[in-house]
There are 6 protein chains.
Amino acid sequence: MARTDGRNDDALREIRITRGFQEWPAGSVLVEFGKTKVLCAASVQDGVPRWRTGSGKGWVTAEYAMLPSATHTRSDRESVKGRVGGRTHEISRLIGRSLRACIDLSALGENTIAIDCDVIQADGGTRTAAITGAYVALADAVTWLGAAGKLADPKPLSCSIAAVSVGVVDGRVRLDLPYEEDSRAEVDMNVVATDAGTLVEVQGTGEGATFARSTLDRMIDVALAGCAQLARLQAEALAAPYPGVLPTGPKA
Amino acid sequence: MARTDGRNDDALREIRITRGFQEWPAGSVLVEFGKTKVLCAASVQDGVPRWRTGSGKGWVTAEYAMLPSATHTRSDRESVKGRVGGRTHEISRLIGRSLRACIDLSALGENTIAIDCDVIQADGGTRTAAITGAYVALADAVTWLGAAGKLADPKPLSCSIAAVSVGVVDGRVRLDLPYEEDSRAEVDMNVVATDAGTLVEVQGTGEGATFARSTLDRMIDVALAGCAQLARLQAEALAAPYPGVLPTGPKA
Amino acid sequence: MARTDGRNDDALREIRITRGFQEWPAGSVLVEFGKTKVLCAASVQDGVPRWRTGSGKGWVTAEYAMLPSATHTRSDRESVKGRVGGRTHEISRLIGRSLRACIDLSALGENTIAIDCDVIQADGGTRTAAITGAYVALADAVTWLGAAGKLADPKPLSCSIAAVSVGVVDGRVRLDLPYEEDSRAEVDMNVVATDAGTLVEVQGTGEGATFARSTLDRMIDVALAGCAQLARLQAEALAAPYPGVLPTGPKA
Amino acid sequence: MARTDGRNDDALREIRITRGFQEWPAGSVLVEFGKTKVLCAASVQDGVPRWRTGSGKGWVTAEYAMLPSATHTRSDRESVKGRVGGRTHEISRLIGRSLRACIDLSALGENTIAIDCDVIQADGGTRTAAITGAYVALADAVTWLGAAGKLADPKPLSCSIAAVSVGVVDGRVRLDLPYEEDSRAEVDMNVVATDAGTLVEVQGTGEGATFARSTLDRMIDVALAGCAQLARLQAEALAAPYPGVLPTGPKA
Amino acid sequence: MARTDGRNDDALREIRITRGFQEWPAGSVLVEFGKTKVLCAASVQDGVPRWRTGSGKGWVTAEYAMLPSATHTRSDRESVKGRVGGRTHEISRLIGRSLRACIDLSALGENTIAIDCDVIQADGGTRTAAITGAYVALADAVTWLGAAGKLADPKPLSCSIAAVSVGVVDGRVRLDLPYEEDSRAEVDMNVVATDAGTLVEVQGTGEGATFARSTLDRMIDVALAGCAQLARLQAEALAAPYPGVLPTGPKA
Amino acid sequence: MARTDGRNDDALREIRITRGFQEWPAGSVLVEFGKTKVLCAASVQDGVPRWRTGSGKGWVTAEYAMLPSATHTRSDRESVKGRVGGRTHEISRLIGRSLRACIDLSALGENTIAIDCDVIQADGGTRTAAITGAYVALADAVTWLGAAGKLADPKPLSCSIAAVSVGVVDGRVRLDLPYEEDSRAEVDMNVVATDAGTLVEVQGTGEGATFARSTLDRMIDVALAGCAQLARLQAEALAAPYPGVLPTGPKA
């Protein structure tokens, strides 16, 4: 049974990574996985959260949110509801945790990089697109910090981080599910991996169904191949020069 | 004393209006006043707020918000703070009130048009850009409702609505202030007007200063001319066909 | 068509200003515009908000609220709802902004004057009555600060501030609208002005209607005349001595 | 050791009860116990809380609050803090419970009487003043309901309710403590009683101290005598006619 | 008319006090009054609340809560509702106030003992069981502080504290009401007393009824006898050694 | 390098499952994984959430929480903070999702089973203990529903559900981590599985580190063996009769 958009089961949607989307943040990336569009901004802030003050180390944190107009049917605004929902919290924590796996926080000094992932348009896989774009924004913020003379170690990123969804739909293991597939998947998994092929996070769920160990193995295979491809696209995007004006640091 | 960007005192910044920016809402417009960029989406929802149920009339409401990454320095996310700030509330109310001035709500039946104005990038004048873009999104949503056969009156919009800021900077009355001028203006005014040249809303404030009656008069003159120009740009943008797929209503 | 209460179109309601209404605040004024009664208290507090600490300057802030029993039909208590509504926020901000236009904040040292405007009975024009009463309470608090030896400049008030509503009702421009007129006004405007006749704030709205430039001009004329009259009543009220016991400052 | 204000240990402060303080609520009473002033309003509302709907019975509820400017030092506004404090909750519940002891709720039909007790000026004993004033406002609201033809039983009030504080100060049992005594009392008690001399509520607390059984007995004696005196003052106040315009009920 | 469980009117339910119920807090006690089970934990925390900092004195505070599964019908979780209810606040304040009556806070240094009373199973009298168990947990925490060398005075507890409910059911004064009696009691009272027989807190309420002075006297008699019995059971429980491993203080 | 508690790397801690821990809920289970103790209660409630009303199907939901006294250092109470934290939300969602994998919701009719998992004592692995205990409480609630004649299908549970943690500590893959190991684990994974050996949920995280595909495979092997053992212990516990009094349903 073929996919609605004609893709092979193990193929990604069309991926676009646009750096320098906004003027003010140190890193600002619009990432698109087909119709899913997420704006990932990395802002540099002096200081670290209170519990980390005095450690001499930096911090990377993330917040994920959905514009009300991003979904097929308008969703309520969490600021108006007065509380951040469980799903939002969960994804924000996942993004922050994933990015902290690739960076040496002690190289940042007591500075925070705050990553905002705002979904402009949702068509499945928003959290994995967010992680993929957020890494690129983080890399630009690190470049900015380096230019500003604020890095103790000039290369604090030990690897790159990308993520993709994989699932079982129509009885088949498929990569990078759009909303139409995601909403009827029997198993749904998100895999975060490095460009070295190691794993950062694996989250697999059978909502209303269970899955065999062999299915898990197959999903991991397909997802790791997808992540490898995303890592190449990230590297290509980052090969171009920094898209804005870099600061001139204290010591040239 | 010349303006930083070289404009005449009574000139608008470069204005761009892009319809069809998102896939799912009935109207979705990216409006740009120079570097200020606001995404205005108009979503059609069945039903009206409880206090209006049974009236047979529709409703138009608006919510304004700022992405944390939109500002020069990252701002805190209101959903995380758990409350919508006073400024946000105030602007949301202003946008809704302004748009309700141009539409015959009884023509909508008991349907709501929810307008979301999310600031992608802020450089002064976000509320006036939002109103100007929101009108165009509203017009597209009205076209959509008409195609869906849900309008009692095929032309419920009696006029168009645009808005612009005007202020006193360096002792001179200037139109459409960017952040750099706005932050040091002696008087700050927002004017909402129709394409017929009548007024919808006038809000003028002297923070830490007062202003003469004659200054008020001059600001209104300049703002009304700016609004007239914006009305022409809105009309041009709306001259192109509806940017998506229209529904086929109950009566073809 | 005559007004329900027989007033001329450009006449104020009966205005009463009672100083010293409460024992503890430095300034406490009950202001009445006809049946509208607002208790305005000005409390002196050591220190300023965090963002202003270290500036050497003082601050004036305001909070507006409505007793649940003040309105024709009992309204819900905002503390019980757990959030301050948009209208309340908007008016609080307006009052604070208006009062800051008349005072030299650097003369206060790092002290805050907190103005509480609590509506005891509402019959239209509560925000303009609040501003008018709040100025008198502020003036008393300034006298108190002077007696306490805490003012760098003995005359930090550069002018007085008063406010009044004006609107179009039954097709006529009318001053100081009671609830019965306010609720059916075609245009509604609030004007804040100084005793020198300059403007501090102008907010005009046509809810469900628009208005001509000439109507705006006429409303401003009428409102400025009303504010001039209020300024005279404020001056008369303040001609009497401070209504309580003044502190004895550090250096007599 | 004499009291600061020269009163006997078992004497009340000067008590004033002013009916008809506000225009709109069915009952509105300003009650004064010396410098303590509480505005008690009783509003009639159609319907009852959800859990009581369909019971055929009415409800009486109360909300207590303090104006920020009522206290010696300005207190924060609970609506701005976004939550009602424990003390406020506790007193609101006490007032509602006390008033429900004197009224036959089945006589009200499915109507609610909402009592708002807003402290205008605080000088000790605000909760007991509130209960004492609230009873008078309730009695006026009952008269209003009777005139409106909404009472199943024309005399739903079985007794009157008054309350007073009593405490141990300077080793002596004293009645009706002002703030100066309350803040240093070894034992603090509030007694709510009927005009028949029976008890409705007794709350005695030794903060940082304990007290003997005999002290409890003496405090109850003194408080019951105080409540009897308050009951006479309430009856006198209610002997005058209803202070506003009564509705004309369905059956004249 | 006999009680459902066959007890005499002035008899307590079966009381069990289990020390050392949890591993980590300095004091942890499961107290049972019949089927009512409350887990009382006393945690030692460095520092005191901000308003007490620099006083050199310690603090004792308490929080009471109910597991959703503790009640006959599941109750909603207050953390999910986002606010602590009035009843919860009231009881938390009562527990803290009661315990502070028996301890010399200046002996603690600037340390806080936080008492958590979590109801595992509710069958009437949860607040009085909580106070009775909390005292035992507090005593263990004091022992722990002494072993840690943190007490200025080795015996900061001047007495023990116990509490019991008493009420009028079926026209009879009865001690220690289970839910079945509590829910239909005409008068409900909670008494907190010391092992010396003095009173700490008395709270009596007639919901929907009033009660005679002589009834109050009889209820106090019965309750004081119950508290005396509880004090003996507390003393027995505390006669056993500290149920965990004590710290070794700075100076042995 | 040996484990602190002497266990083999692939051994569970001592597991205890106590049914009938509380009186009122349909299922109430205290589950212990070594020192970790979680109280899991399953309450039957009429009706389903609003979005599911009219579907004819039931619902299973879960809430997880930690007593403040459960942790090594007291943690703040979420009800007092006024918001449920991200971690709590995430675990509550995980428990509900996991249990819904084993039950035919259409057999329940429009009834909800609400599972409360309250951690009494935390020593690592609280979420996996909670799932394991919650399944047993759910099974008891299903028995209760059957006895009450409310099940459309007498055997709505298709399998049993258990969960366990696994991680990499000291470079070794280890099962069922206590806090001491969990807090320094390089990789941390939770696996939820059925007694048939299929997977329900897999969540693996390398905080500050990444892990190889082969490590993932090994962790899954060890966890699945642990879950199989837990399934046997659950079956043993459920072999005893229902621990309370069952209702007598509409059809005896």
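The values are calculated or read from the model by the stated rules, or taken from the named source; none is laboratory data. A quick note: this is a predicted structure, and the numbers were derived from the prediction, not measured. Positions of Cβ are generated from backbone atoms using ideal geometry, with glycine treated the same way; all protein chains shown enter the neighbour counts.
Here is how the numbers come out for the structure above:
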quantity	calculated
D:Arg93, sole failed condition from (1) closer than 30 Å to D:Ala196 by Cβ; (2) touching a residue at least 40 places away in the same chain (Cβ under 8 Å); (3) out of contact with any strand residue (DSSP E or B) (no Cβ under 6 Å at 6 or more places or on another chain)	(2)
Residue count for the range B:78-93, restricted to those that are within 23 Å of B:Pro178 (Cα to Cα) and modelled with pLDDT under 95	7
Which listed residue, of C:Gly20, C:Gly27, C:Gly47, is in contact with a Pro (Cβ under 8 Å, 6 or more places away or on another chain) and touching a residue at least 60 places away in the same chain (Cβ under 8 Å)	C:Gly20
Residues of the range A:39-58 satisfying the condition of being within 14 Å of chain B (Cβ to nearest Cβ) and not β-branched (Val, Ile, Thr)	A:Leu39, A:Cys40, A:Ala41, A:Ala42, A:Ser43, A:Gln45, A:Asp46, A:Gly47, A:Pro49
Out of A:Leu145, A:Leu138, A:Leu157, sole residue that is touching a residue at least 24 places away in the same chain (Cβ under 8 Å), buried (at least 19 other Cβ atoms within 10 Å of the Cβ), more than 22 Å from A:Asp9 (Cα to Cα) and away from chain B (no Cβ under 14 Å)	A:Leu145
Selection status of C:Ser98, out of contact with any Gly (no Cβ under 7 Å at 6 or more places or on another chain) and part of a loop (DSSP other than H, G, I, E, B)	no
Residue in the range A:113-126 that is touching a residue at least 40 places away in the same chain (Cβ under 8 Å) and away from chain B (no Cβ under 14 Å) present	yes
Those residues of the range E:47-65 which are charged (D, E, K, R) and either out of contact with any Phe, Trp or Tyr (no Cβ under 7 Å at 6 or more places or on another chain) or assigned to a strand (DSSP E or B) (or both), in sequence order	E:Arg50, E:Lys57, E:Glu63
Hits in the range D:76-89 - residues which are assigned to a loop (DSSP other than H, G, I, E, B) and farther than 13 Å from C:Asp118 by Cβ	D:Asp76, D:Gly82, D:Arg83, D:Val84, D:Gly85
Per-region count, the range E:50-89, residues crowded, with 20+ Cβ neighbours inside 10 Å, under 30 Å from E:Asp153 (Cβ atoms), within 17 Å of the chain's Cα centre (by Cα) and not hydrophobic (A, V, I, L, M, F, W, C)	2
Residue among F:Ala2, F:Ala11 that alone is touching a residue at least 60 places away in the same chain (Cβ under 8 Å), surrounded by fewer than 21 Cβ atoms within 10 Å (Cβ to Cβ) and over 26 Å from E:Ala114 (Cα atoms)	F:Ala11
Checking C:Gly171 against (1) surrounded by 23 or more Cβ atoms within 10 Å (Cβ to Cβ); (2) at pLDDT below 95, the condition it does not meet	(1)
Residue ID - nearest to F:Asn111 (Cα to Cα), chosen from residues in the range F:1-47 that are over 16 Å from the mean Cα position of the chain (by Cα) and among the small types (Gly, Ala, Ser)	F:Gly47
Lone unmet requirement of (1) within 30 Å of F:Pro25 (Cα to Cα); (2) facing another protein chain (nearest Cβ under 10 Å); (3) outside any loop (DSSP other than H, G, I, E, B); (4) without any contact (Cβ under 8 Å) to a residue 40 or more places away in the chain for F:Arg232	(2)
Residue within the range B:25-38 that is under 22 Å from B:Trp144 (Cα atoms) and out of contact with any strand residue (DSSP E or B) (no Cβ under 9 Å at 6 or more places or on another chain) present	no
Hits in the range F:101-139 (condition: outside any helix (DSSP H, G or I) and among the aliphatic types (A, V, I, L, M))	F:Ala101, F:Ile103, F:Ile113, F:Ala114, F:Ile115, F:Val119, F:Ile120, F:Ala122
Cβ-Cβ under 6 Å pairs, at least 6 apart or on other chains, the range A:69-86 side more than 8 Å from every other protein chain (Cβ to nearest Cβ), far side part of a helix (DSSP H, G or I) and crowded, with 16+ Cβ neighbours inside 10 Å	A:Ser75/A:Pro68
Flag for E:Arg213 being among the basic types (Lys, Arg) and either within 28 Å of E:Trp59 (Cβ to Cβ) or more than 9 Å from every other protein chain (Cβ to nearest Cβ) (or both)	no
D:Gln203 closer than 30 Å to E:Trp59 by Cβ, in contact (Cβ under 8 Å) with a residue 60 or more places away in the chain and surrounded by fewer than 23 Cβ atoms within 10 Å (Cβ to Cβ)	yes
Unique residue being over 20 Å from the mean Cα position of the chain (by Cα), of a type in the set (Asp, Glu) and buried (at least 18 other Cβ atoms within 10 Å of the Cβ) when the list is F:Glu181, F:Glu186	F:Glu181
Set B:Glu207, B:Glu181, B:Glu201: member being within 24 Å of C:Glu207 (Cα to Cα) and in contact with a Lys or Arg (Cβ under 8 Å, 6 or more places away or on another chain)	B:Glu201
Residues located in the range C:91-115, provided they are over 14 Å from the mean Cα position of the chain (by Cα) and either within 16 Å of C:Gly27 (Cα to Cα) or buried (at least 19 other Cβ atoms within 10 Å of the Cβ) (or both)	C:Ile103, C:Leu105, C:Ala107, C:Leu108, C:Asn111, C:Thr112, C:Ile113
Residues (part of a loop (DSSP other than H, G, I, E, B) and basic (Lys, Arg)) located in the range D:159-203	D:Arg184
Members of the range D:206-215 that are out of contact with any strand residue (DSSP E or B) (no Cβ under 6 Å at 6 or more places or on another chain) and crowded, with 17+ Cβ neighbours inside 10 Å	D:Thr215
Positions within the range A:14-34 being crowded, with 17+ Cβ neighbours inside 10 Å and assigned to a loop (DSSP other than H, G, I, E, B), in sequence order	A:Phe21, A:Gln22, A:Trp24, A:Pro25, A:Ala26, A:Gly34
Checking B:Thr198 against (1) within 14 Å of chain C (Cβ to nearest Cβ); (2) surrounded by 20 or more Cβ atoms within 10 Å (Cβ to Cβ); (3) among the β-branched types (Val, Ile, Thr); (4) farther than 25 Å from B:Gly56 by Cα, the condition it does not meet	(2)
Residue check for C:Ala42: touching a residue at least 24 places away in the same chain (Cβ under 8 Å) and in contact with a helix residue (DSSP H, G or I) (Cβ under 6 Å, 6 or more places away or on another chain)	yes
Verdict on A:Ala41 being under 23 Å from B:Cys40 (Cβ atoms) and either modelled with pLDDT under 95 or not in a loop (DSSP other than H, G, I, E, B) (or both)	yes
